[in-house]
Structures are given as C-alpha cells and as structure tokens.
Amino acid sequence: MPSTTTSKKKTSRAAKSSPRPKTRSGKSPNTAKVLPASQITNYTTALRWLYDHVDYERMRLISYNEDTFKLDRMRKLLDLLGNPHEQLQVVQVAGTKGKGSTCAMLAAMLQSCGYTVGLYTSPHLIDLRERITIDGNLISYPDCAEIFKRIASVEKALGKDLPTFFEIMTAAALLYFAEEAVDIVVLETGLGGRLDCTTVCDTLATGITQISMDHMNLLGSSLEAIAKEKAGIFKKGIPAVSVPQSDEVMSVLKSEAEENGTPLQFTGEDIDFSYRFEANRELGPHTRVCVTTETSKFEHLPVPLQGEHQSLNCGLALAMIDKLKNHGFNLPEDKVIEGLTKTSLPGRMELVHNMPRVIIDGAHNAASIKALIKALGAHIAYDSLVLVFGCGQDKDVAGMLNEVSLGADKVIFTRAKQNPRAMDPDDLMGEFTEMSGKMAQCETKLEDALKLASRAVSREDIIVVAGSFYLAGEARKFFIDMAAKKAKR
C-alpha cells in the first residue's frame with residue numbers, strides 16, 4: 001500500500017446536499033490558476049479548488065483529441081497517488097444511453113451477494129458526491145475534502161498540464177475505493193470510451209449499452225464513428241458484452257473487438273435473451289426478461305426500472321454477472337435476483353411530486369426522449385402530457401424536438417441555470433414551432449416553467465421534466481426543497 005493511503009475507514013452515510021459554487025472555471029488546463037492545497041481546509045474550500053479546473057462537461061466548445069483528453073496525464077496523476085487503480089477489480093460500462101441504469105443494476109446485484117461495491121457514475125443530479133458511492137452510501141464530506149486535498153498536493157508535479165474536473169473526480173473515486181478496500185468497482189464511462197480517463201483501468205469485463213446519436217460534435221456525425229469511440233474500452237482478452245444494436249453499430253463493434261483481441265458477445269445473438277411486457281396486480285405494468293448464460297438461467301425476472309428500454313440494460317447487467325462468475329465471484333442466482341429487485345436510480349422516470357404528478361428523467365438525446373415517451377405511455381395512466389424541456393446546445397436538438405412533437409401534448413421550454421451549455425428557451429421554441437407547426441411556451445427559469453405547467457394540468461395529467469440531467473437535477477432539488485419548507489411549517 002502506498003504511503004498516500006490510510007487504513008480502511010467506515011463509509012459515511014451522510015447525504016445532505018453539497019453547497020453549490022458560484023462560478024466555474026472556463027480556463028484551459030494550461031492556464032487555470034487553482035487554489036493551493038494548503039488552503040483546502042474543508043469540503044467547501046475543496047470544491048473551490050475542484051471548480052478551478054477545466055470542466056468539459058460544462059464547456060460549449062471542446063477539442064476532442066489526444067491533446068485535450070490525455071490518458072497519459074491521467075496515468076501520471078494516478079502514479080503520483082500510488083496507482084490506486086492497480087489495487088482494484090473493475091468492470092466498465094460504456095454506451096450512449098442506459099450506462100447509469102446498467103451500472104446501478106449490476107452494483108445492486110453484486111452488493112446483494114455480499115460484496116462491497118464501489119460505484120462511480122456521472123453526472124450527478126444534486127450532490128457532487130452522488131458520483132462516488134460504496135454500497136449506495138455517498139462519500140462523506142470529510143473524506144471527499146481529504147482526497148481532493150491530497151490530489152491538490154501532488155498535481156503541481158504535472159506542471160502546467162493540470163488534470164481536468166472529470167480526471168480529478170475519477171482519480172478521487174479510485175483512490176477512495178482503494179482505501180476503503182472495496183471488493184469490486186462498477187465504473188461508468190464518461191465521454192466516448194477511447195479517450196475517456198476511466199479507460200486507464202484494467203478490467204475484468206466490459207459492457208456496451210445501446211449506441212445512438214449523441215455528442216456528434218465530439219464523437220462523430222455517424223453511428224459508425226460513435227461506435228468506434230465507444231469500443232475504445234475494449235481490451236485484449238477481456239470479455240465484452242453488448243445489447244442488440246443496429247447493423248452498422250454491430251459491424252463496427254465486431255470489427256473493433258476482433259482487432260483488439262476482445263471476446264465479444266451480444267445479448268439476443270450469442271447470449272439467449274428475450275423480454276416481454278405485462279401487467280399484474282402486484283407489480284402493475286412492467287417488463288420481464290429471460291437470460292441464459294454459460295453459468296446461469298434467469299427466467300421471467302421483473303425489470304426493476306420502468307421502460308421497455310430498461311430490459312436491454314437489465315439483460316446486459318445479468319450477462320456481465322456471468323463474466324464475473326468466471327473470475328471466481330460467488331454470485332448465487334437467488335441473491336442476484338434479490339439484488340436486482342432492490343435497484344434504485346433517481347432521475348429515471350422518478351415521481352418527485354404528487355399533486356400535480358411531476359416526473360423527472362435525465363433523457364438527453366433523441367433515442368432517450370423516444371424511449372421515455374413510450375415508457376410513460378406503457379407504465380403511467382394519464383390524459384395529457386405537459387413536457388418541461390431544456391437541452392444543451394451540443395445535442396441533436398432537431399432529433400429531440402421531433403420526438404417531443406410526437407409525444408407531448410403541451411411543451412414549455414426552459415433551461416438549466418447550472419449548465420452554461422444550455423440552449424436558449426426562445427431558440428428552442430422557435431425551432432420547435434418552425435419544425436412541427438405546433439404552439440409552445442417558454443420560461444427562462446425552471447421554477448417559472450413548473451408554475452406555468454402546474455396551471456395547465458388537471459388531476460389526470462402529468463408534468464414531465466426532461467432534456468438534460470442538469471434540468472432533471474434542478475427540478476428534483478426544487479421539489480425536495482419545497483417539501484422541506486412545507487415540513488417546517
């Protein structure tokens with residue numbers, strides 16, 4: 001164990017919201033001036049230091065290349081921290097949509113089997129610490145501050161080439177998981193795969209969720225180009241599993257797997273997989289999956305998350321369980337099934353208010369919006385759907401608006417105040433009206449958009465907030481704060 005590590009600590013179960021910074025640095029990694037480690041004394045000052053670093057998640061213009069996304073920089077940072085990733089057993093999931101859902105199901109099943117599970121995901125909805133959890137518990141404020149301070153104390157050795165926000169978060173997660181001696185880490189890829197800093201980790205198995213059009217300005221304007229970037233997580237001899245894909249995506253993934261010496265299987269092709277939608281008194285409308293692997297046979301398991309698309313993610317998670325069995329993990333089927341039923345994932349078709357009914361979802365590309373609207377129709381009874389929508393400028397706006405026009409009865413455009421990449425609501429409304437010929441409304445502030453939506457619905461209608469995780473997170477916080485105020489009164 002390197003000198004930077006400490007003895008295993010009890011994971012804090014603190015879960016209150018993080019203080020939000022007033023500003024974020026838009027500087028490049030080579031020009032950013034950051035708070036010195038000596039001035040990091042608590043979680044608040046640690047956040048100040050973190051937000052002094054470039055954050056590509058919030059930048060409008062990014063150069064996606066080896067000069068911007070440097071895996072060598074990430075390796076150097078981890079080396080300065082004692083290479084904590086080398087102490088970990090890791091599974092990694094990439095793809096366009098469904099990464100977070102797959103990771104959540106996989107983590108829940110592993111935890112149910114008695115393993116201590118580190119889960120690293122992005123983005124967060126409200127609290128930055130949501131990204132780093134052990135057995136569902138957020139990293140504590142003191143632990144987070146301590147780890148950030150230690151990263152701050154070594155980053156000067158990198159010279160002017162400072163790590164990015166996401167690289168720091170990933171390094172912090174890996175260091176924390178190593179020090180807490182977790183049994184396994186479930187790692188969600190950030191952007192793409194080939195140049196994503198999570199890819200520096202050696203893995204036991206990898207998964208690829210459905211691939212569709214997203215981040216085209218960075219990953220490429222075709223499904224083939226995007227698929228090639230996602231396949232960048234493939235490693236020689238390490239088993240990979242993917243879900244049913246379009247012909248062009250499947251062709252690219254197979255080609256990349258062959259070139260990398262990666263044994264690749266697809267659910268529904270190499271792995272027996274099927275699903276069906278049904279309804280009963282106990283569970284209401286839901287989807288069930290059947291998955292048969294080399295070591296297991298799962299029959300008619302209820303998918304814990306709503307939406308037909310979640311059956312693909314569930315099948316992928318179950319197939320990855322099979323790969324871990326081949327690495328010696330003891331994963332009894334009854335415990336796996338028990339864990340699957342306990343899966344919880346905020347921000348995915350989450351009901352955050354009852355009167356009127358308000359549902360939030362992190363759907364942020366055309367395929368996700370289409371899947372969301374289909375899932376709403378299948379799982380929830382309603383008369384009219386009022387959609388509060390906002391998205392980033394770098395998204396497939398036309399594709400998303402097309403799905404919105406097909407599924408929503410009324411649309412109110414707004415923007416997430418915490419996202420500098422958010423598209424102007426007036427521009428969204430103009431493009432929507434021109435494309436669909438339908439009327440819409442807009443409000444610059446989400447709070448005003450929600451008030452407008454609440455005046456437009458009856459008891460049998462629903463309000464859905466979607467278009468970005470930033471918007472879903474702000475809506476979730478709005479209703480949590482509102483409930484807290486009511487409780488005080």
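None of the figures in this text is laboratory data; all of them are computed from the coordinates on show. The structure presented is a predicted model; accordingly, all values stated were derived computationally and were not measured. All Cβ positions, even for glycine, are placed from backbone atoms using ideal geometry, and neighbour counts span all protein chains on display.
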Exercise. How long is the gain from Asp72 to Phe329 if the chain were fully straight, where each residue apart is worth 0.36 nm and the alpha carbon distance is subtracted?
Worked result: 89.4 nm
Seminar exercise, completed: Between Gly207 and residues 5 or more places away or on another chain, the pairs with built amide H atoms under 5 Å apart involve Gln92, Val93, Ala94, Val241
Exercise. The range 293-390: which GluC sites (Glu not before Pro) are DSSP loop and have at most 15 other beta-carbon atoms within 10 angstrom?
Worked result: Glu294
Problem set entry | trypsin sites (Lys or Arg not before Pro) restricted to the range 240-289 and DSSP loop, no more than 15 other C-beta within 10 Å | Arg281
Seminar exercise, completed: Expected sort for Cys113, Cys391, Cys290 with the fewest Cβ neighbours (10 Å cutoff) up front is Cys290, Cys113, Cys391
Exercise. Once the other residues with Cβ under 13 Å from the Cβ of Ile462 are scored (Lys, Arg +1; Asp, Glu -1), what is the net sum?
Worked result: -3
For this session: Could you work out how far apart the two model spin labels at Ala225 and Asp161 are, taking each label as a point 7 Å from the Cα in the direction of the beta carbon, and quote it in nm?
Result: 2.6 nm
Problem set entry | Of the GluC sites (Glu not before Pro) in the range 228-291, those whose Cβ has at most 14 other Cβ within 10 Å and which sit in DSSP loop | Glu269, Glu282
For this session: Starting from the Cα of Met439, step 7 Å along the direction of its Cβ; do the same at Ser38; then give the gap between the two resulting points in nm.
Result: 6.5 nm
For this session: Please say if the chain is rounded, prolate or oblate, where rounded means a/c under 1.5 for a ≥ b ≥ c the square roots of the C-alpha gyration tensor eigenvalues, and otherwise the choice is prolate for a/b larger than b/c and oblate otherwise?
Result: rounded
Seminar exercise, completed: Note: Ser251 to Leu351 extended length (0.36 nm per residue) minus current alpha-carbon separation gives 32.2 nm
Seminar exercise, completed: Per the rule of 0.36 nm per residue minus the C-alpha distance, extending Ser153 to Asp272 adds in nm 37.8 nm
For this session: Between Asp409 and Glu282, take the C-beta separation as r, use R0 = 25 Å, and let me know the FRET efficiency to the nearest 0.05.
Result: 0.25
Seminar exercise, completed: If every Lys and Arg gets +1 and every Asp and Glu gets -1 at its Cβ, then about the Cα centre the chain yields a dipole, in debye to the nearest 20, of 2020 debye
For this session: Set the Förster radius R0 to 41 Å, insert the Cβ-Cβ distance between Glu259 and Asp183 as r into 1/(1 + (r/R0)^6), and round the FRET efficiency to 0.05.
Result: 0.80
